[in-house]
Structures are given as C-alpha cells and as structure tokens.
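Engineer: The structure under discussion is supplied below as structure tokens; questions concerning it will follow.
Nothing in this text is a laboratory measurement; each read-out follows from the coordinates by a stated rule. The structure displayed is predicted, hence computed values, not measured ones. With ideal geometry, Cβ positions are generated from the backbone for all residues, glycine too; neighbour counts draw on all protein chains shown.
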Amino acid sequence: MRLVHNVVFAAVVLAAGSLAIQPLLAHHSGAGFSKDTKEISGTVKEFQFTNPHSWIQVNVEDESGKIVEWSVEWGSPNQLGRDGYRPSTFAPGTKVTIKLHPMANGALVGGFIAAKMPDGKTIGKWDGD
Amino acid sequence: MDRKTLALALSAGLLLVPGVSYGQNAAVTPFDKLPDWSGVWSMVGGTIFDRATQTGEGGSVTPGVREHPPYNAAYESKYMGHLALRDADRYPDVQTNCGVPVGFPRILNLPDAYEFVVRPDVFYIIAENGGNTMRVYTDGRKLPAKEDTWGTYTGVSVGHWEGDTLVWETTGLKGDRDNDSILDRTGLVLSDTASITTRMRKINQDTLEAKMVINDPKALTKPWNVTKQFKKNKPGLFLYDYGCAENNRNPVDTKTGKTFVLGPDGKPVN
C-alpha cells in the first residue's frame, strides 16, 4: 500500500503532461492508503496548496445524509505549480468528484488519483489508474 | 609604528588570509575552463539508492525490495532489521519530521528538482526537496584532519577538476551514529567511518552522472560503487522553497516508526 502512494503521484504527473520532474518520493512513506479506488463527490472546503504535500478538503454527504469532511492528499505545490496547477485549481465552493485511494482503516482520508470538475474537465488520470 | 608602516603590515596580513584570493591559486580552475552545468535537473529513476543491486520489484518502501551493498555481517544484520521494520511500515524516516538535512550521499538520491552550481572556488548541490544543500570546496584547500571533524549529515568535501570531471572526497559523516541519517527508505545506512570519492561529469548534453566509491571500514567489506544520473529539464522552470514544516500532516513517531496521518483537526486518524 505504500507503493500506492508513489503510484498516485506518478499518475498525477503523467496526467499533468509535464514529465520533466517526477516527485518520485512522497514526503512520507506508508500512511495506510489502500490499493482500492473510491469516488467521492462534494464541495471543496479548502485547498491547502502547501508543502510538503497539498491537501484538498472536501465536504461530502455520507450515506446517512450527514456532511463529513474528506482529506485528499496530493503532490508538492512546487511540482504541481510547475505542472500548471494553482491554489485556485480547487477553489472553495467548487463542486467536484474525486477518485482516490482510501485509507485501509476507513478514515476519511485518501491519496489523490483524479478529479472531475463541474465543466466535465478532468485532472489527473481519470480514465484508469 | 607610523600609519604607512601599519598599512603595509595590514596589507601583507590580508594576503596571507587563506581562501580570500582563490583566483591566484594555480590549482583552481577559472570560470572560463569550467563546464556548463546550468539549468534544472532531476534524478533518473526512483529513490532506490543503489538500483544496480536492487532485488524485488517496486520502490524503496515496497516490502521485499532491497539492495545489496557489500555489508559486513554486523551491518547486514542491521540492514535486515531495518528491512523487517520497513516491511511492517514501521521504519522511521526522520526526514518526515522536517528537522534535519538528508546529508550525503542521500542528497544525490532525492525527487523533485536540482541545481548544480559550478564556481571556481566551490561547487554547490542545491536540492529543492528538503531543501538541502551541499558544498564541495574546490579552492585548493585540503580536507581537515580527522580530529577536526565531528560527524555531520553532509560531512566535509573537497574537490578538484580533472578536465570536465569534478572529483571530490567526502569525510566527516555522522552516518548511523545517531540513527537519523539514511540513504533511502529501505533502511540503508553507512557508519561514521564512511568516506566517499565522487566523480561527476556530463556524459551527454542533458545527462549528468555521479559515480561514487564508498569506503566504510566499519560497515563494508570492500568499496561500494554506486552511480546516480540526472536529466536536464526544459529551460525556464522555476524552483521554489520547500517549507517541509509548513503543513506537515504526516509526522513520524521515531520510537515506534509509525507514520501518522493528521485529519483536518490536526489529530491522527491512524
């Protein structure tokens, strides 16, 4: 599952189309992400465009109708910035669907795979992981 | 002493200050004879330090993956212990706590971007990841005596140019003395007796190569040869600071080796 973390970032870079500098090493090693893929849909609460990793905070309605907050870990803003992403990429209030590798323990945290924006545009490797 | 005599004495004294006028040292290669290593570079391959001896498929944190340095029995046993912890997701990488440099030779085993700054008197390795910096003095000085080093993450390095190849010696490394300096996340370590000879040159327009010969009488049975390569990126890229502690939601417990994931409230979720 730790490899998944690197795979996530590799997928991000591949999808970004800028292959020059690959963030081959996540800041940390294993953090409990599974190999599974999960899809969440909700509203961006905050995009933490910060080192060592970026985090997308998304409010999602769970099965009971309760709003819960997901944390989605992404790459370093240094590399994401070079790939064309900005703090405004996930502006607060944006409706978004995100594919992620969820934590194996069921916590509301996952590793970013891809996102689909309100206009249908995708970020990352949406069609296959 | 009158003012004129004093001025002459001071001038003579300044000329004796080492390192001030490196350009007058015949051993120092002038700017116009130095190779062009400008630009932004990135390491080739993943962060397995010695890919040539890797067994197992995957990256440095993939269970079953390891390298085969010529460790003696004691350090092979130590490495096996680290690998077992790594396989259990409990081998701590202190870098995750944003506190200390990665040191040498790990500074040549990082993701993200690099700059290699060539000057007559010094060579700088500037790694965006970390951020980490290493200095190799090429102003003709000698390595300090062993008793004048005390073991640091990056050690001390002195080099010279042989044509287009920079050759440097590194010593004064702390190695695994304090269990806070590794070569990669498989748990590779060196000891505080390690010394490294590195030969770095451009092997083509877009590739830099660093060939290291690692000696470590406490840990190795023979010299360990490791080669790292770096590819040049497209021009015009910006590098940024890397504030590791800016929003570190993955601290590691160095006692248990567990990497935490912090939720939005700052509390671990694992």
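Engineer: Residues of the range B:107-137 being touching an Asp or Glu at 6+ places or on another chain (Cβ under 6 Å) and away from every other protein chain (no Cβ under 14 Å), which ones?
Structural biologist: Within the range B:107-137, B:Asp121 is the sole residue that qualifies.
Engineer: In this structure, does B:Gly130 turn out to be over 22 Å from B:Ala219 (Cα atoms) and touching a Cys at 6+ places or on another chain (Cβ under 9 Å)? Walk me through it before giving the result.
Structural biologist: Working: over 22 Å from B:Ala219 (Cα atoms): yes; touching a Cys at 6+ places or on another chain (Cβ under 9 Å): yes.
Taking the combined requirement at face value, the residue satisfies it.
Engineer: Before we move on, is B:Val213 part of a loop (DSSP other than H, G, I, E, B) and within 14 Å of the chain's Cα centre (by Cα)? Explain how you work it out, then say what you get.
Structural biologist: Numbers: part of a loop (DSSP other than H, G, I, E, B): no; within 14 Å of the chain's Cα centre (by Cα): yes.
Taking the combined requirement at face value, the residue does not satisfy it.
Engineer: Looking only at the range B:243-257, which residues are over 24 Å from the mean Cα position of the chain (by Cα) and either facing chain A (nearest Cβ under 7 Å) or under 16 Å from A:Trp74 (Cβ atoms) (or both)?
Structural biologist: B:Asn247, B:Arg249
Engineer: Return yes when B:Val226 is touching a helix residue (DSSP H, G or I) at 6+ places or on another chain (Cβ under 8 Å), crowded, with 19+ Cβ neighbours inside 10 Å and either farther than 26 Å from A:Ser54 by Cα or within 14 Å of another protein chain (Cβ to nearest Cβ) (or both) and no when it is not.
Structural biologist: On the way: touching a helix residue (DSSP H, G or I) at 6+ places or on another chain (Cβ under 8 Å): yes; crowded, with 19+ Cβ neighbours inside 10 Å: yes; either farther than 26 Å from A:Ser54 by Cα or within 14 Å of another protein chain (Cβ to nearest Cβ) (or both): yes.
Spelling it out, B:Val226 is indeed touching a helix residue (DSSP H, G or I) at 6+ places or on another chain (Cβ under 8 Å), crowded, with 19+ Cβ neighbours inside 10 Å and either farther than 26 Å from A:Ser54 by Cα or within 14 Å of another protein chain (Cβ to nearest Cβ) (or both).
Engineer: If we keep just the residues of the range B:24-62 that are in a helix (DSSP H, G or I) and of a type in the set (S, T, N, Q), which is nearest to the other protein chains (Cβ to nearest Cβ)?
Structural biologist: That would be B:Thr53.
Conditions (1) under 30 Å from B:Pro35 (Cβ atoms); (2) among the aliphatic types (A, V, I, L, M), marked per residue:
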{"site": "B:Asp180", "(1), (2)": "no, no"}
{"site": "B:Phe230", "(1), (2)": "yes, no"}
{"site": "B:Asn233", "(1), (2)": "yes, no"}
{"site": "B:Leu237", "(1), (2)": "yes, yes"}
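Engineer: Could you grab me the full set of residues in the range A:43-86 that are touching a Ser or Thr at 6+ places or on another chain (Cβ under 8 Å), in contact (Cβ under 8 Å) with a residue 60 or more places away in the chain and part of a loop (DSSP other than H, G, I, E, B)?
Structural biologist: Answer for the range A:43-86, where residues must be touching a Ser or Thr at 6+ places or on another chain (Cβ under 8 Å), in contact (Cβ under 8 Å) with a residue 60 or more places away in the chain and part of a loop (DSSP other than H, G, I, E, B): A:Trp74, A:Gly75, A:Asp83, A:Gly84.
Engineer: Looking only at residues that are more than 14 Å from chain B (Cβ to nearest Cβ) and assigned to a strand (DSSP E or B) in the range A:107-121, which one is surrounded by the most Cβ atoms within 10 Å (Cβ to Cβ)? Give the steps one after another, and end with the answer.
Structural biologist: Our first condition is that a residue be more than 14 Å from chain B (Cβ to nearest Cβ); within the range A:107-121, this holds for A:113-121.
Cutting the leftovers down to assigned to a strand (DSSP E or B) gives us A:113-116.
Values: A:Ile113: 26, A:Ala114: 22, A:Ala115: 24, A:Lys116: 18.
Residue satisfying both the conditions and the ranking: A:Ile113.
Engineer: Something else now. With (1) surrounded by 15 or more Cβ atoms within 10 Å (Cβ to Cβ); (2) away from chain A (no Cβ under 14 Å) as the list, and B:Val213 as the residue in question, which single condition is left unmet?
Structural biologist: Here B:Val213 clears every test but (1).
Engineer: Looking at the range A:91-105, can you tell me whether even one residue there is in contact with a Leu (Cβ under 7 Å, 6 or more places away or on another chain), of a type outside the set (S, T, N, Q) and within 16 Å of A:Trp70 (Cβ to Cβ)? Talk me through it step by step, then tell me what you get.
Structural biologist: Step one: list which residues in the range A:91-105 are in contact with a Leu (Cβ under 7 Å, 6 or more places away or on another chain), which gives none.
The answer is no, given that none of the residues of the range A:91-105 is in contact with a Leu (Cβ under 7 Å, 6 or more places away or on another chain), of a type outside the set (S, T, N, Q) and within 16 Å of A:Trp70 (Cβ to Cβ).
Engineer: Next question. Among what's in the range B:138-189 and is among the aliphatic types (A, V, I, L, M) and touching a residue at least 60 places away in the same chain (Cβ under 8 Å), pick the residue that is farthest from B:Val252 (Cα to Cα). If you could, list the steps in order and put the result at the bottom.
Structural biologist: Residues of the range B:138-189 that are among the aliphatic types (A, V, I, L, M), as a first pass: B:143, B:145, B:156, B:158, B:166-167, B:173, B:182-183, B:188-189.
Next, from what is left, pick out any that are touching a residue at least 60 places away in the same chain (Cβ under 8 Å): B:173, B:182-183, B:188-189.
Details: B:Leu173: 24, B:Ile182: 15, B:Leu183: 17, B:Leu188: 18, B:Val189: 19 Å.
Among them, the one singled out is B:Leu173.
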